Amino acid sequence: MPEITVHSVEAEDLPDVLALHARAFGPGRFARTAYRIREGTPAISRFCLLSEVGDELVAHLRFTEVTVGGKPGVLLLGPLAVETRYRGLGYAQRLVEVGLENARKAGIALVLLVGDEPYYGRFGFKRISPGRIRLPGPADPARWLAAELREGALAEYEGTVEAAVAEA
């Protein structure tokens, strides 16, 4: 595996990141519930990461700060995008590992995502019991996952997921 650099996303990275998302997910991505939650939020949070080989963007991981029932301390993970020729080489895995560790150090209690449990389970993500934490739109309940970054955190949250409002 070529040497990889992982670092925070900066404003100048956005054109390349958005182009990667378009290649990886196509135009249908905007109809997904997770995208609806992120509407109107900054394109970059303090938790967003990217991977580069040399100066080439290889992968990107977005985290959006959200609330559950109005309670903060939660991130929504996704999208996680990898350039086609770099898929299956561990770049996405490295981003998720670094991202979750950064979130834990920052005091985030819970990370949510809509994704595949067989893939995300290795990072501690588990299915959420139906009805406890709700999305504001449709999502397959089998793909609604959470990872506790603080033991017992999931039990502390109940309600609808909404984008966190930035403090002025």
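A few remarks follow.
- Estimated FRET transfer efficiency when R0 is 22 angstrom, pair Glu156-Phe123 (beta carbons, to 0.05): 0.65
- Over the chain, relative contact order from alpha-carbon pairs under 8 Å, at least 6 apart, %: 23
- What you get for the chain, charging only the Cβ of Lys and Arg (+1) and of Asp and Glu (-1), is a dipole of about 660 debye around the Cα centre.
- The chain: most fluctuating residue of Asp13, Asp116, Asp140 per GNM, C-alpha cutoff 10 Å: Asp140
- Part-to-part distance (alpha-carbon centres) for segment 34-82 and segment 103-133, which is given in Å: 14
- Between 0 and 90 degrees, the angle of helix 91-105 with respect to the longest Cα principal axis of the chain falls at about 50 degrees.
- Helix 14-25 axis, angle to the chain major axis (alpha carbon atoms, nearest 10°): 80
- Normalised by the number of residues in segment 69-168, the average gap of Cα pairs under 8 Å and 6 or more apart makes the relative contact order 34 percent.
- Structure-derived Cα extents along the principal axes in Å - corresponding label in [x] 43, 32, 30; [y] 48, 32, 29; [z] 48, 27, 26: [x]
- The ranking of Ile37, Ile128 from fewest to most other beta carbons within 10 Å of each one's beta carbon is Ile128, Ile37.
- Fewest-first ranking of Glu151, Glu65, Glu162, using other Cβ atoms within 10 Å as the exposure measure: Glu151, Glu162, Glu65
- Choice from Ala155, Ala147, Ala139 showing the highest fluctuation, given a GNM over the chain with Cα pairs closer than 10 Å: Ala155
- Over the chain: helical MRE at 222 nm, DSSP H runs n ≥ 4 each giving -39500 (n - 2.57), nearest 500: -6500 deg cm²/dmol
- When the chain is treated as a GNM with alpha-carbon contacts under 10 Å, the residue of Ala146, Ala22, Ala103 showing the greatest mean-square fluctuation is Ala22.
- Among Val161, Leu14, Ala43 the positive-end extreme of the charge dipole of the chain (Cβ point charges): Val161
Here, each number is a calculation from the coordinates, and none is a lab measurement. As the structure is a computational prediction, the values presented were derived from the model and not from experiment. Heads up, the Cβs are rebuilt from the backbone with ideal geometry, glycines too, and the neighbour counts pull from every protein chain shown.
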